[in-house]
Amino acid sequence: MKLGLLGQKSLLWTLRTAFFPWALTSSAARADTGASNGITNIFKPLSTPAEAIYEVSVLVLTICAGIFLIVGGLLAYTLIRFRRRPEDDGREPPQVYGSNQIELAWTVIPILIVFVLILVTARTIADVQNAARPAGALDVTVVGHQWWWEIRYPELGIVTANELHVPVSDPTKRRPTFLKLESADVAHSFWVPQLAGKTDAIPNRDNRMWIEPKQPGTYLGNCAEYCGTQHARMLLRVIVHPPGEFEQWVEAQRQPPVDDSQVQAGRNVFFSTSCVNCHAINGTRADGKFGPDLTHLMSRETLGSGAAPNTPEKLRVWLRDPQLLKEGCLMPNMQLADTELDHLVAYLLTLK
Ligand code: HEC
Ligand SMILES: [Cu+2]
């Protein structure tokens, strides 16, 4: 069968995603949000649970690679050594039955190998799940929505979306973040490869996980459980702040929105349209829960969970019709006129 260029491309894509799934989110994230220094590689862990998983995965891969080489090598040797030759008389080779030694060997050795793998894996899972909670730990609730992440800091009174801000943890003063995962609709899965393994966010269920990033920076992740049309644009950013900076971020997020009289026209558009039914802005009557909290919209790097960079131009496109940037997303086209759009953008730009 001859494959066209397109066929070849999609075949390569399938193989690549089958064998290197971690490479998928990185390219998707880069394509959608422009420059990003984040790498999404499980082999470059930078957080305690991710390191534990990395160690066990290296061990498992090494053992499996050994088995592959031995089995593949024997197979290749047999194929070549006992291949059909011109002088063969065509008779069957001698058949060997009931060799206790061979049968014992190929029963006991695999059982031992599997047993070792089970024990090591179970130990790692237990270590990650039963980790003690140090005093400085931060609590965050992450709620998966079709197709964005709601992020709440119950103790700090902060609500934001798609970007999880956490402090860096250092060995002398550990500050891990403990996450409670929920879902508002269907099953999602929280996955930031450099920070921890995947944990599902399931409706009516509290799942727990934790991360302990050891280097400041931006870490990229993705929803890892197919959840509908825009599953691929349900990207996650974890922003790990150096010591002291996280407190500044918290302080800024707790500020009420500034009341700028210059943008009154835009505020009027916002509060006279159904925006208020889906979006919340602190200290105003907008308290919708269906869409992301907009109190500090402009402090975020992306719009629509990584669908576009958060620039005034893209914001205007989003408000003209969100379906242009994120087809199928659950914010409808609000059918606003050009002047309304200008006013509205000016107002939203004050939500820093
Ligand atoms: C029916 C509910 C609904 C209405 C009405 C609505 N939105 Fe949205 N909005 C959403 C949802 C859902 C999202 C998240 C979409 C996604 O990322 O998939 C969203 C996303 C946004 C975002 C991007 C936020 C972010 O952090 O990514 C902005 C800005 C926004 N809406 C502004 C508005 C404005 C302004 C109006 C009124 C003109 C409005 N919305 C009306 C549901 C709504
Ligand atoms: Cu998903």
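Nothing in this text is a laboratory measurement; each read-out follows from the coordinates by a stated rule. Just so it is clear, the structure is predicted and the values come from calculations on it, not from any experiment. Ideal geometry is used to build each Cβ from the backbone, glycine not excepted, and the neighbour counts take in all protein chains shown.
General observations
- Three semi-axes of the equivalent ellipsoid, the stretch 168-254, Cα gyration tensor, whole Å, largest first: 26, 14, 13
- Radius ratio Rg over Rh of the stretch 28-143, counting only Cα atoms, Kirkwood formula for Rh: 1.22
- Pairwise label distance in nanometres, residue 272 with residue 103, each label 7 Å out on the Cα-Cβ vector: 8.7 nm
- Alpha-carbon centroids, the stretch 83-162 and the stretch 49-77: separation in whole Å: 12 Å
- Taking the chain and dividing mean pair separation by its residue count, relative contact order in percent (alpha carbons under 8 Å, at least six apart): 16 percent
- Taking 0.36 nm per residue of separation and subtracting the Cα-Cα distance, full extension of the segment from residue 299 to residue 333 would add 9.9 nm.
- The stretch 243-257 versus the stretch 259-290: alpha-carbon centroid distance in Å: 22 Å
- Note on residue 68 and residue 215: the extension gain reaches 49.3 nm, defined as 0.36 nm multiplied by sequence separation minus the Cα-Cα distance.
- With Cα atoms, 0 to 90° folded angle of helix 21-33 axis to the chain main axis: 30 degrees
- Inter-probe distance in nm under a simple model that places probes 7 Å from Cα toward Cβ, at residue 114 and residue 229: 4.5 nm
- Order of 106, 149 - criterion: other Cβ atoms within 10 Å of each residue's Cβ, fewest first: 106, 149
- Quarter of the Cα convex hull surface for the chain, i.e. its orientation-mean projected area (nm²): 26.1 nm²
- Other residues whose C-beta falls under 11 angstrom from the C-beta of residue 270 contribute a net charge of +1, scoring Lys and Arg +1 and Asp and Glu -1.
- The chain: angle of helix 245-254 to the longest principal axis, Cα-based, in degrees nearest 10: 50 degrees
- Residues of type aspartates and glutamates that residue 314 reaches as a straight line, Cα spacing below 17 Å, ignoring anything fewer than 8 places off in the same chain: 32, 301, 327, 338, 340, 342
- Along the chain, longest interval not containing exposed GluC sites (Glu not before Pro), exposed being DSSP loop plus at most 14 other Cβ atoms within 10 Å: 156-326
- Each peptide among 233-240, 114-121 gets the average number of other Cβ atoms lying within 10 Å of its residues, and from highest to lowest they stand as 233-240, 114-121.
- Additional length obtainable on full extension of the chain from residue 88 to residue 186, 0.36 nm per residue less Cα span: 28.9 nm
- Hydrodynamic radius of the stretch 261-348 per Kirkwood, over alpha carbon pairs, in Å: 13.1 Å
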